[in-house]
Amino acid sequence: MWKPAQRIKYKPLEATWPSREEARLSHLFSPLQLSACPLEQRTWVPAMVPWRASEEGHVTEDVLDWYGRFARGRPGAIVVEATGIRDVPSGPLLRIGHDRFVSGLTQLVERVRRESGGHTRLFIQVIDFLGIRRRPEREKFLRRFLQVTDRHRLLLGNTDLADDAVRQQLCELEDEQLSDVLDEREWEALTMGQRERVTDTHLPHIAELPQVLPGLFADAAQRASTAGFDGVELHYAHAYTMSSFLSATNTRADGYGGSLEKRLRLPLAVLREVRARVGENYPVGCRFLSQECITGGTDLPESQRIGVAFAAAGMDFISLSRGGKFDDAKQPKVGEAAYPYTGVSGYECMPGYISDEFGPFGRNVEPTAAIRSAIREAGFDTPVVVAGGIHTFSQAERLLADDKADIVGFARQALADPDWFEKVRNGCGDQVRLCQYTNYCEGLDQKHKQVTCNLWDRLDLNEPGIRKSRDQRRRLTAPDWRR
Ligand SMILES: Cc1cc2nc3c(=O)[nH]c(=O)nc-3n(C[C@H](O)[C@H](O)[C@H](O)COP(=O)(O)O)c2cc1C
Ligand code: SF4
């Protein structure tokens with residue numbers, strides 16, 4: 001992952017923990033009504049893909065264990081990982097794109113209800129994403145994948161060349177010359193792996209996204225409701241389709257790109273269709289970016305307008321992340337795919353302990369506060385969720401007291417210690433295992449390996465009944481808290 005040049009090393013913040021009584025009286029452990037859904041406390045575990053679904057995208061025992069473990073810590077809400085809305089093979093990514101996924105998802109809901117004693121609400125994040133290929137071998141790309149065009153012939157100086165001859169000449173060029181002959185997208189396909197964009201409207205399946213996606217999201221939301229989830233979170237963040245429609249870089253000329261009004265059309269159409277399907281009382285929210293953190297990307301004033309538009313359209317909650325884009329991703333190795341959390345925007349999304357003067361803690365707080373206050377000024381009381389580097393009670397409590405957000409997301413901190421919520425609520429905060437922000441977990445995610453935390457994944461490996469990683473070297477869930 002990219003790291004800020006200053007390379008200042010941070011440790012978790014000094015924490016002062018509340019007594020049980022102080023926790024009881026705190027903002028963090030006070031209830032909040034989220035549309036029809038009551039949250040017992042303002043704590044939230046944001047979506048995190050742990051790579052535990054089956055190759056066909058079904059809920060497995062490992063998925064049940066993973067969320068069951070979070071549920072025993074009894075946070076106010078858990079959002080199940082980004083779950084694919086299409087009925088297409090997507091590797092071990094959880095899926096909700098067909099009715100056959102509903103029974104597994106129902107078991108997941110039941111497991112969380114049981115393990116949390118009914119105290120934790122469960123949402124599911126639903127996602128659409130576009131195609132991306134692995135970075136190819138140079139020779140293979142030039143001999144097989146590249147579509148030879150007259151532009152190549154022209155630039156090679158011989159318009160009569162047969163395709164094979166063009167390929168041969170391209171193979172013989174030095175990279176510098178080759179980059180002049182290939183166009184920008186061909187060069188990207190060679191050096192990064194081919195990646196579809198929402199602006200590729202010459203491709204029929206990309207052109208028709210505005211017609212297809214509202215129905216797919218609505219079907220997914222309907223299945224989430226049937227499975228018993230307390231609500232859905234539309235994934236409008238990071239590097240994926242809906243975020244790309246919202247992005248200032250979306251220049252589609254078909255009425256779904258260009259001005260902010262046009263970029264908002266599809267995300268609002270998706271919400272309308274979802275709402276029509278699941279009804280007014282079913283909680284539907286979204287996650288989007290306070291800032292894209294890329295050159296030419298959506299900035300804070302625009303995100304404030306997006307937040308107001310979503311609130312006005314009836315989103316029941318708004319969860320804010322930042323960054324996490326493909327646009328500035330690091331070049332992958334040959335045979336690997338680009339990963340959207342490897343550049344500056346990736347750092348902003350999941351800041352690590354090596355940082356700049358600002359540090360890794362709470363980088364998303366002020367942008368979130370600015371969006372929330374725009375929403376409030378426009379007359380809406382939509383709850384706003386913040387996340388990013390929050391790990392102590394005081395951080396969370398202060399930002400709620402200062403009206404910067406309504407709900408506090410703890411992603412990696414909940415991964416490091418799923419019992420954070422129960423420990424702090426019971427006056428045992430000094431027993432919390434604090435996240436060190438090393439991003440070991442995120443490195444596993446990048447390789448699509450089962451995500452764990454290095455603070456606990458080698459502890460008590462011989463404990464009976466625990467599930468281990470495929471190589472048997474790591475436990476897959478944190479040891480239980482023995483009070
Ligand atoms: C392993 C891992 C997987 C993640 N998967 C998702 C995801 O599926 N959807 C999403 O919106 N964010 C995802 N995130 C981002 C987190 O939800 C969160 O925004 C980010 O980690 C910053 O919050 P934190 O500092 O509390 O960890 C993931 C993060 C990690 C570490
Ligand atoms: S591996 Fe554990 S300590 Fe490191 S960032 Fe992830 S959750 Fe935090």
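The values are calculated or read from the model by the stated rules, or taken from the named source; none is laboratory data. None of the values given here were measured: they were computed from a predicted structure. As a convention, Cβ positions derive from the backbone with ideal geometry for all residues, glycine included, and neighbour counts pool all protein chains shown. Just so you know, the surface numbers come from the protein's heavy atoms only, side chains and all, with ligands and any DNA or RNA stripped out. Shrake-Rupley method; radii C 1.70, N 1.55, O 1.52, S 1.80 Å.
Evaluate segment 355-368: report whether one residue or more is without any contact (Cβ under 8 Å) to a residue 24 or more places away in the chain, polar (S, T, N, Q) and either within 16 Å of ligand 2 (Cβ to nearest atom) or open to solvent by less than 10 Å² (accessible area, probe 1.4 Å) (or both). Break it down stepwise before answering.
Of segment 355-368, the ones without any contact (Cβ under 8 Å) to a residue 24 or more places away in the chain are 358.
Next cut, polar (S, T, N, Q) only: none.
No, segment 355-368 contains no residue that is without any contact (Cβ under 8 Å) to a residue 24 or more places away in the chain, polar (S, T, N, Q) and either within 16 Å of ligand 2 (Cβ to nearest atom) or open to solvent by less than 10 Å² (accessible area, probe 1.4 Å) (or both).
Filter segment 409-460 down to the residues that are within 18 Å of R69 (Cα to Cα), within 12 Å of ligand 1 (Cβ to nearest atom) and of a type in the set (V, I, T) and list them by number.
V451, T452
Evaluate the following for A224: is it of a type in the set (A, V, I, L, M) and in a helix (DSSP H, G or I)?
Numbers: of a type in the set (A, V, I, L, M): yes; in a helix (DSSP H, G or I): yes.
So A224 passes the test.
What do you reckon, is V79 touching a residue at least 12 places away in the same chain (Cβ under 8 Å), open to solvent by less than 10 Å² (accessible area, probe 1.4 Å) and outside any loop (DSSP other than H, G, I, E, B)? Quick ask: steps written out before the conclusion?
Values: touching a residue at least 12 places away in the same chain (Cβ under 8 Å): yes; open to solvent by less than 10 Å² (accessible area, probe 1.4 Å): yes; outside any loop (DSSP other than H, G, I, E, B): yes.
Yes.
Can you tell me which residues in segment 223-245 are touching a helix residue (DSSP H, G or I) at 6+ places or on another chain (Cβ under 8 Å), more than 11 Å from V126 (Cβ to Cβ) and open to solvent by 10 Å² or more (accessible area, probe 1.4 Å)?
Correct list: S225, T226, G228, H238.
When you go through S373, S394 one by one, which is the residue that is closer than 23 Å to T16 by Cα and among the polar types (S, T, N, Q)?
Details: S373 fails: closer than 23 Å to T16 by Cα.
Being closer than 23 Å to T16 by Cα and among the polar types (S, T, N, Q) holds for just one of S373, S394, which is S394.
For segment 408-448, enumerate the residues that are aliphatic (A, V, I, L, M), open to solvent by less than 10 Å² (accessible area, probe 1.4 Å) and out of contact with any helix residue (DSSP H, G or I) (no Cβ under 8 Å at 6 or more places or on another chain).
Initial filter on segment 408-448 (aliphatic (A, V, I, L, M)): 408, 411, 414-416, 424, 432, 434, 444.
Keeping just the survivors that are open to solvent by less than 10 Å² (accessible area, probe 1.4 Å) gives 408, 414-416, 424.
Listed by number, the list holds a single entry, A416.
Within segment 27-40, is there a residue that is on the phi > 0 side of the Ramachandran plot and within 16 Å of ligand 2 (Cβ to nearest atom)? Steps first, please.
Filtering segment 27-40 for residues on the phi > 0 side of the Ramachandran plot gives 35.
Those left that are additionally within 16 Å of ligand 2 (Cβ to nearest atom): none.
No.
Between A405, A478, A396, which is in a loop (DSSP other than H, G, I, E, B), open to solvent by less than 20 Å² (accessible area, probe 1.4 Å) and away from ligand 2 (no atom under 16 Å from the Cβ)?
Values: A478 fails: away from ligand 2 (no atom under 16 Å from the Cβ); A396 fails: in a loop (DSSP other than H, G, I, E, B).
Among A405, A478, A396, only A405 is in a loop (DSSP other than H, G, I, E, B), open to solvent by less than 20 Å² (accessible area, probe 1.4 Å) and away from ligand 2 (no atom under 16 Å from the Cβ).
Go through segment 25-59 residue by residue and tally those that are touching a helix residue (DSSP H, G or I) at 6+ places or on another chain (Cβ under 8 Å) and open to solvent by 40 Å² or more (accessible area, probe 1.4 Å). Spell out how you get there, then give the answer.
Going residue by residue through segment 25-59, those that are touching a helix residue (DSSP H, G or I) at 6+ places or on another chain (Cβ under 8 Å) are 26-29, 41-43, 45, 48-53, 57-59.
From what is left, the residues that are open to solvent by 40 Å² or more (accessible area, probe 1.4 Å) are 27, 42, 58.
Total meeting the criteria: 3.
So S345 clears everything in (1) touching a residue at least 60 places away in the same chain (Cβ under 8 Å); (2) away from ligand 2 (no atom under 16 Å from the Cβ); (3) open to solvent by less than 30 Å² (accessible area, probe 1.4 Å) except one condition, right? Which one?
(1)
State which residue pairs qualify: first residue modelled with pLDDT of 95 or more and inside segment 154-180, second residue among the acidic types (D, E) in any location, beta carbons under 9 Å apart, and separation of 6 or more residues or different chains.
Between residues of segment 154-180 that are modelled with pLDDT of 95 or more and residues that are among the acidic types (D, E), the close pairs are L155/D180; C171/E139; L173/D180.
Can T199 be described as within 31 Å of the chain's Cα centre (by Cα), open to solvent by 30 Å² or more (accessible area, probe 1.4 Å) and among the hydroxyl-bearing types (S, T, Y)? Give the steps one after another, and end with the answer.
Values: within 31 Å of the chain's Cα centre (by Cα): yes; open to solvent by 30 Å² or more (accessible area, probe 1.4 Å): yes; among the hydroxyl-bearing types (S, T, Y): yes.
In short, yes.
From the list G91, G117, G104, G68, exactly one residue is of a type outside the set (F, W, Y), in a helix (DSSP H, G or I) and open to solvent by 10 Å² or more (accessible area, probe 1.4 Å). Which is it? Spell out how you get there, then give the answer.
Values: G91 fails: in a helix (DSSP H, G or I); G117 fails: in a helix (DSSP H, G or I); G68 fails: open to solvent by 10 Å² or more (accessible area, probe 1.4 Å).
One residue alone meets the criteria, G104.
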